[in-house]
1. I need the calculated FRET efficiency for the pair Thr179 and Asp240, taking r as the beta carbon distance and R₀ as 51 Å, to the nearest 0.05.
2. What is the spread of the Cα atoms of the range 304-349 along each of their three principal axes, largest first, in whole Å?
3. Using a basic spin-label model with each label point 7 Å from the Cα along Cα→Cβ, how many nm lie between Thr13 and Thr37?
4. Please give me the summed charge of the neighbours of Gly293: other residues whose Cβ is under 12 Å from its Cβ, Lys and Arg +1, Asp and Glu -1.
5. Between Rg and the Kirkwood Rh of the range 184-253, both from Cα atoms, what is the Rg to Rh ratio?
6. Tell me which GluC sites (Glu not before Pro) from the range 303-349 have a DSSP coil assignment and no more than 16 other beta carbons within 10 Å of their own.
7. Hey, any idea what % of the chain's accessible area is carbon plus sulfur with a 1.4 Å probe?
8. In deg cm²/dmol and to the nearest 500, what is the mean residue ellipticity at 222 nm of the chain if only DSSP H runs of at least 4 residues count, each as -39500 (n - 2.57), divided by the residue total?
Amino acid sequence: MTTPNGRPRKAPTIFDVAERAGVSHQTVSRVINGDPTVRDGFRSRVTTAIGELGYRPRAAARALAGGRSRALGLVSAGDALYGPSSTAIGFERAARTAGYHVLLSTLPDDPRPVDLSEALTTLLAQDVAAVVLVAADNRVLDALGSLTMAVTVPVVVANAVQRDAVPTDLVVPGSGGATVSAVAIDQAAGTTMALQHLFDRGHRRIVHIAGPGVSQEGEVRRATYERTMRSRGLTPVVLDGDWTPASGFAAGRSLDVTAVDAVFAGNDQMALGVLHAFAEEGLRVPDDIAVVGFDDIPEAAHFTPPLTTVRQDFQAMGERVLASARALLEGGQHDEALLQPELVVRRSS
């Protein structure tokens, strides 16, 4: 960096950050190191000051002088959903095999823009070479698009199936030219597979239990279901869920089963709740009504009856995310094609 007269600009120090934020340098250090006892107000002021000043710890600067960092940042949603958690695990394993270590920052269940800003600030202060965001949540992507801080390393967004929702102009002009990439599994193809399977077995009165509206994947599955049903002259019927078995159970109990011959659940956990509801009502699956899920969680093969579902290869997803991050870092080509899911047919349909 240079000053307007062309002279090298002095790199900001921890004391500059402390002065800008109006706190002690010890508080700045605690924020950088992720100390959970720092009050939210102080944490917000420090992360704002770090972003405005472009501060990086001296240890990080020395590492940069000696070569590229082998650290990668991972920002994950606060909930423990199977898909994002499995993607994060797959990415961490692939990164470790490739000689990187992963630094994790977790967002709250209901993330705000300031939460993402603080997570990124903490990771950037620890000299990560790139950041992976595993949270295809519209709230997180909105926060990503509204960042005012400079993101000076490549960013890979995992599970962002609506790629036009991923901002590509994250970098503040002059901050280093970082780039953004998105990696995802083809949710529309998976939904089409599930529905075609039910159509092939003569089902026409198919109800969809959808995931929450903040989920990009849930949105795509719902929209594909509605579009496919209408294309065949059938009436789509959607019940709202929240990914949990409890919401699937409630949806199953609310159904008029005399008007339905199949249920396409937006994930396997909601399908489990549906199977529970039908069992309590004395319905036989699949003789009276068929059930299909999505994800192929490890337990799906052991539901009663075993669940037909759409398998997503989250290990391959994690590996693709790492490959994209390395391509952005090294200037290489990365595969932008959507990963393909697989239909797994079991007794529930």
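1. Values: r = 36 Å, r/R0 = 0.72.
According to the calculation, E is roughly 0.90.
2. Principal extents (largest minus smallest coordinate, Cα): 49, 16, 6 Å.
3. 2.6
4. Numbers: positive: Arg221, Arg311, Arg346; negative: Asp268, Asp295, Asp296, Glu299.
So the environment of Gly293 carries a net charge of -1.
5. On the way: Rg = 12.0 Å, Rh = 12.5 Å.
Using Cα coordinates only, the ratio equals 0.96.
6. Sites meeting the loop and neighbour criteria: Glu336.
7. Numbers: 8040 of 15870 Å².
Of the solvent-accessible surface of the chain, carbon and sulfur hold 51 percent.
8. Numbers: 12 runs with 146 residues, N = 349.
Per the formula, -13000 deg cm²/dmol.
The values are calculated or read from the model by the stated rules, or taken from the named source; none is laboratory data. Note that the coordinates shown come from a computational prediction; the quantities given were computed from them, not determined experimentally. For neighbour counting, all protein chains shown are included, and Cβ atoms are generated from backbone atoms with ideal geometry for every residue, glycine included. The area values use the complete protein model at the heavy-atom level, side chains included, leaving out ligands, DNA and RNA. Shrake-Rupley method; radii C 1.70, N 1.55, O 1.52, S 1.80 Å.
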